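The values are calculated or read from the model by the stated rules, or taken from the named source; none is laboratory data. In this text the structure is predicted, and so the values were computed from the model without any measurement. In this analysis, Cβ positions are derived from the backbone assuming ideal geometry, glycine residues included, and neighbour counts consider all displayed protein chains.
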Amino acid sequence: MTEPAIVARRICPFCEASCGLSIELQGKQVLRIRGDDDDIFSAGFLCPKAVALKDLHDDGDRLRTPLIKRDGHFVAATWAEAYAEIERRLLPIIARDGPHAVATMLGNPVSHKMSLMLYFPRLAKALGTRNMYSASSVDQVPKMLAVGLMYGSWLSVPVPDIERSRFLLIIGANPMVSNGSLWTVPDFRGKARALRARGGKIVVIDPRRTETAEAADRHLFIRPGADVFLLLGIVHTLFDEDCVKLGRLAPHVDGVDAVRAAARAYAPERVAARCGIAAADIRELARTLATTEHAAVYGRIGTCTQQYGTLASWLIDVINVLTGHLDEEGGMMFPKAAAFAANTRGKPGSGRGIVSGRYRSRVSGAPEISGELPLTCLAEEIDTPGPGQVKALITIAGNPVLSAPNGARLAAALDGLEFMLSMDIYVNETSRHADVILPGVSPLEDAHYDVSFTQFSHRNHARYSAPALPRSDDQPDEWESLLRLIAIVKGLGADADIAALDDALLRDELEKSAGPLADQLMAALSPLRGAERLLDLGLRSGPYGDQFGSQPDGLSLAAIRAAPSGIDLGPMTARIPEALRTPSGKIELAPAALLDDLARVAADLAAPAPDLVIIGRRQLRSNNSWMHNLPVLAKGAYRCTALVHPDDADRLGLADGGRATIRNGPRAIAVQVEVCSDMMPGVVSLPHGWGHDLPGTRLGVAAARPGVNLNALLDENLRDPLSGNAVLSGVAITMAPA
Ligand SMILES: Nc1nc2c(c(=O)[nH]1)N[C@H]1C(S)=C(S)[C@@H](COP(=O)(O)OP(=O)(O)OC[C@H]3O[C@@H](n4cnc5c(=O)[nH]c(N)nc54)[C@H](O)[C@@H]3O)O[C@H]1N2
Ligand SMILES: Nc1nc2c(c(=O)[nH]1)N[C@H]1C(S)=C(S)[C@@H](COP(=O)(O)OP(=O)(O)OC[C@H]3O[C@@H](n4cnc5c(=O)[nH]c(N)nc54)[C@H](O)[C@@H]3O)O[C@H]1N2
Ligand code: SF4
Ligand SMILES: [Mo]
């Protein structure tokens, strides 16, 4: 007899839109994946990637057992053998060289996994290493630093309130493809269409006429890396034309005069040539922002992964403040997450603010930001001998050999490590270097709550996904694997009682935060364990929580479990000053470090445009480096093409469909050319995350059409000095027929 089909609900783990999916299952077979029409947040929306959940679950290359490398080859191992190997290899390194000899690297999917999000901080604490790296520093650290300085916590990122907005200026983001980032907004297309249908307008600033630009009212090309000039031109105009309007925020803002002075030299007429946007257009943008109620400026990857990443991120928020759109309905608002947000904890309205630069990286002296060092420093920390050298590495859901600049250097460095552990689901370009790989679970087999993306959601909500399928055999959940590692690092042994350790860690934390109430809280959270217990604690003590009884109608894990399509917590509401955690209790509009960095901008105002620069691009049927092994997404036309403007193709002798060599100093890659009038002249676009032709991986589908690695071309030493973030965009190249 065949088992009856059942429907499971799961938050899609693939991108920040976090759509609710409805997954029809028969036994362990996935029959069908659709958007969950009842989902209170995504209302049935899904994109083609969601359907690949089936391919991921079924992928024969996805690891199901731990692997240990013996004589250069991976052999399957039991979990007990793998943990014993980690203990045998890792502990002597820590004993000999101290905690900083062990580095950790977290990749993007960590933020899509409740288990990893909630338990990695505990491992980090047990390790005590300063060598912590993540994909954040090839991504959003500039934004974190800017909002941290302005609002007092690293993740206080305001997001466009798109459903009530009348004007949206999108800079360096392509939500039609990425489905939004640091802005959780399922069905951007539908929401953008609705905005325009009610008379609103969307303007896109991007060196490529993107899918988002196509769906907008207006698109302006910008020279890559020159956003800071455009933004200063807008700020200048707001003061020059006397249209600064702080409105309700006026008593909560410090530094307006300093900003006015800083922008004085950047009249649109002076910056136009440098950014490639006419002075009249810059002034018009400023006026539109100043005179439109319910407007927002939003910037993402294009404004972060460049040499002025922090300044550009900061100026975007400065403009939102100066035009009265921060904390305004239909403008840029602060979500109020149901759990885990720093800006909902502690005393409302002020706090310690952020601290950065507590230490510096050993080789390049890059400052610590939010407890991390730049990912682009990892290779040199491994391959540069001397005291403090990194000797062991733990990667968790990261693939830096492809995702970080100069992967070739990093790959060579990884081979020099004494020990490397990867928690990953594939033997890929990075994990092939590991001595032990611990496989993660299929997203259908774990419980989920969006620890991260509820903090950036355009509408407040709480949703929980129960595991759709039971885990197979002895496969632990990823928080259990992390607890094992904690036990090993703490010297409790690979076969320690991790349930007792879990209790002890939580009790310790509760004693610090709740003092004498710790026992009562432990009892109230029982019999939950692991990530779900931490989730229950987060929800119950959060801003909508039941407060362990005093708010009986409030949220708890039980409450969100009882609502499989989620609980709507309403549109964003004004949160200034309550959301602030700056020491002054004000919005810091003019942090000194940012004003100082403007010296670089002044020196660069007259810089001539390089002949040709390269930028990145995202594609709907890819996700960074790791979804190219899923047949449903991998099929179709070859996508890893270099887009070149027809004029550039003509002068360089490049033919559509032909091969070309792109060079950056000594580095070169061979690409397929796609002549494309959507490019700004002088700018070439190549997607990142490709290059699956390295030996020793187990990615059958991806290796069949490997593409080329954009990051093989980029320089690991190019960083935004304030944030340490990698410069991935606007890098000068040459290009010639191959
Ligand atoms: N040139 C250029 N480079 C870029 C970018 C760019 O725009 N241009 N973008 C950057 C950005 S924004 C980011 S976020 C980074 C991403 O950088 P990374 O996070 O390093 O890269 P991903 O491709 O996301 O790799 C994810 C890894 O997680 C594994 N994985 C997937 N699911 C799971 C799971 O459930 N559990 C475990 N344990 N592992 C899992 C995958 O197999 C893969 O190895 O790339 C950056 N690199
Ligand atoms: N389908 C799909 N979705 C994804 C991902 C994916 O790989 N595939 N990755 C996910 C991740 S990790 C992230 S961080 C988000 C990113 O989300 P987005 O930021 O929306 O993604 P991108 O498509 O990289 O958009 C960046 C845009 O900046 C432009 N740009 C490049 N340089 C500059 C510049 O100097 N100035 C300006 N103004 N623009 C510039 C590029 O042309 C591009 O259109 O997407 C997420 N969603
Ligand atoms: S938009 Fe993102 S979250 Fe939604 S279905 Fe597609 S990949 Fe999943
Ligand atoms: Mo990212």
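General observations
- Looking only at the stretch 118-146, and only at residues there that are surrounded by 24 or more Cβ atoms within 10 Å (Cβ to Cβ) and of a type in the set (Val, Ile, Thr), the one that is nearest to ligand 1 (Cβ to nearest atom): VAL138
- One residue stands out among those in the stretch 100-115 that are under 16 Å from GLY371 (Cβ atoms), within 9 Å of ligand 1 (Cβ to nearest atom) and assigned to a helix (DSSP H, G or I): the one that is nearest to the chain's Cα centre (by Cα), which is SER111.
- Looking at ALA590, ALA606, ALA602, just one residue is surrounded by 16 or more Cβ atoms within 10 Å (Cβ to Cβ) and either touching a residue at least 24 places away in the same chain (Cβ under 8 Å) or within 13 Å of ligand 1 (Cβ to nearest atom) (or both), and that residue is ALA590.
- Residue match in the stretch 64-73 (condition: of a type outside the set (D, E, K, R), closer than 30 Å to ILE567 by Cα and either part of a loop (DSSP other than H, G, I, E, B) or touching a residue at least 40 places away in the same chain (Cβ under 8 Å) (or both)): no
- Meets criteria (of a type in the set (A, V, I, L, M) and surrounded by fewer than 16 Cβ atoms within 10 Å (Cβ to Cβ)) for ALA101: no
- Residues within the stretch 161-184 that are within 11 Å of ligand 3 (Cβ to nearest atom) and closer than 16 Å to ALA215 by Cα, tallied: 6
- Those residues of the stretch 20-40 which are at pLDDT 95 or above and in a loop (DSSP other than H, G, I, E, B), in sequence order: ASP36, ASP37, ASP38, ASP39, ILE40
- Set side by side, the residues VAL138, VAL147 differ, and just one is of a type outside the set (Gly, Ala, Ser) and more than 14 Å from ligand 4 (Cβ to nearest atom), which is VAL147.
Table: residues versus (1) touching a residue at least 40 places away in the same chain (Cβ under 8 Å); (2) surrounded by 18 or more Cβ atoms within 10 Å (Cβ to Cβ).
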{"residue": "ARG360", "(1), (2)": "no, no"}
{"residue": "SER370", "(1), (2)": "yes, yes"}
{"residue": "LEU373", "(1), (2)": "yes, yes"}
{"residue": "THR376", "(1), (2)": "yes, yes"}
{"residue": "ALA379", "(1), (2)": "yes, yes"}
{"residue": "GLY388", "(1), (2)": "yes, no"}
{"residue": "LYS391", "(1), (2)": "yes, yes"}
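- Looking across the stretch 616-661, just one residue is surrounded by 21 or more Cβ atoms within 10 Å (Cβ to Cβ) and in contact with a Lys or Arg (Cβ under 6 Å, 6 or more places away or on another chain), and that is LEU633.
- Residue match in the stretch 249-269 (condition: assigned to a strand (DSSP E or B) and under 16 Å from LYS143 (Cα atoms)): no
- Among residues of the stretch 289-318, those that are surrounded by 24 or more Cβ atoms within 10 Å (Cβ to Cβ), among the hydroxyl-bearing types (Ser, Thr, Tyr) and part of a helix (DSSP H, G or I), counted: 3
- Filtering the stretch 609-625 to residues that are under 17 Å from VAL177 (Cβ atoms) and either assigned to a strand (DSSP E or B) or within 13 Å of ligand 1 (Cβ to nearest atom) (or both) leaves ILE615, GLY616, ARG617, ARG618, GLN619, SER622, ASN623, ASN624, SER625.
- Take the conditions (1) within 16 Å of ligand 1 (Cβ to nearest atom); (2) under 19 Å from MET176 (Cα atoms); ARG62 misses just one of them, which is (2).
- From the options ALA43, ALA17, residue that is on the phi > 0 side of the Ramachandran plot, in contact (Cβ under 8 Å) with a residue 12 or more places away in the chain and in a loop (DSSP other than H, G, I, E, B): ALA43
- Flag for GLY365 being away from ligand 3 (no atom under 16 Å from the Cβ), without any contact (Cβ under 8 Å) to a residue 60 or more places away in the chain and surrounded by fewer than 21 Cβ atoms within 10 Å (Cβ to Cβ): yes
- In the stretch 342-351, residue surrounded by the most Cβ atoms within 10 Å (Cβ to Cβ) [restricted to those that are outside any loop (DSSP other than H, G, I, E, B) and not aliphatic (A, V, I, L, M)]: ASN343
- Taking the conditions (1) within 21 Å of ASN624 (Cβ to Cβ); (2) touching a Phe, Trp or Tyr at 6+ places or on another chain (Cβ under 8 Å) in turn, LEU643 satisfies each one other than (2).
- Failed item, numbered, when ALA702 is tested on (1) within 16 Å of ligand 3 (Cβ to nearest atom); (2) of a type in the set (Gly, Ala, Ser); (3) over 30 Å from GLU368 (Cβ atoms): (1)
- Residue check for THR237: more than 32 Å from the chain's Cα centre (by Cα), among the β-branched types (Val, Ile, Thr) and either under 19 Å from ALA602 (Cβ atoms) or outside the structural domain of PRO591 (by TED's automatic domain parsing) (or both): yes
- Residue match in the stretch 319-330 (condition: buried (at least 21 other Cβ atoms within 10 Å of the Cβ), among the acidic types (Asp, Glu) and more than 16 Å from ligand 4 (Cβ to nearest atom)): yes
- Pairs, first away from ligand 2 (no atom under 16 Å from the Cβ) and among the acidic types (Asp, Glu) in the stretch 684-704, second modelled with pLDDT of 95 or more and part of a helix (DSSP H, G or I), C-beta under 8 Å, six or more apart: ASP693/ALA703
- Unique match (being at pLDDT 95 or above, within 16 Å of ligand 2 (Cβ to nearest atom) and over 30 Å from THR288 (Cβ atoms)) among SER153, SER136, SER115: SER136
- All conditions in (1) in a loop (DSSP other than H, G, I, E, B); (2) within 16 Å of ligand 3 (Cβ to nearest atom); (3) surrounded by fewer than 19 Cβ atoms within 10 Å (Cβ to Cβ) hold for GLY60, with the sole exception of (2).
- Contact annotation: residue pairs with Cβ atoms under 9 Å, 6 or more positions apart or on different chains, pairing a residue in the stretch 716-734 that is within 21 Å of GLY689 (Cβ to Cβ) and at pLDDT 95 or above with a partner that is part of a loop (DSSP other than H, G, I, E, B) and of a type in the set (Lys, Arg), are GLY730/ARG223.
- All of ASP242, ASP187 fail the test of being out of contact with any strand residue (DSSP E or B) (no Cβ under 7 Å at 6 or more places or on another chain), assigned by TED's automatic domain parsing to the domain that holds ALA295 and within 14 Å of ligand 3 (Cβ to nearest atom), apart from ASP187.
- When the stretch 138-153 is limited to residues that are outside any helix (DSSP H, G or I) and under 20 Å from GLY255 (Cα atoms), the one that is nearest to ligand 3 (Cβ to nearest atom) turns out to be SER153.
- Where a residue in the stretch 199-225 is assigned to a loop (DSSP other than H, G, I, E, B) and its partner, wherever it lies, is away from ligand 3 (no atom under 16 Å from the Cβ) and charged (D, E, K, R), with Cβ under 6 Å and at least six apart: GLY200/ARG166; ARG209/ASP678; ASP217/LYS201
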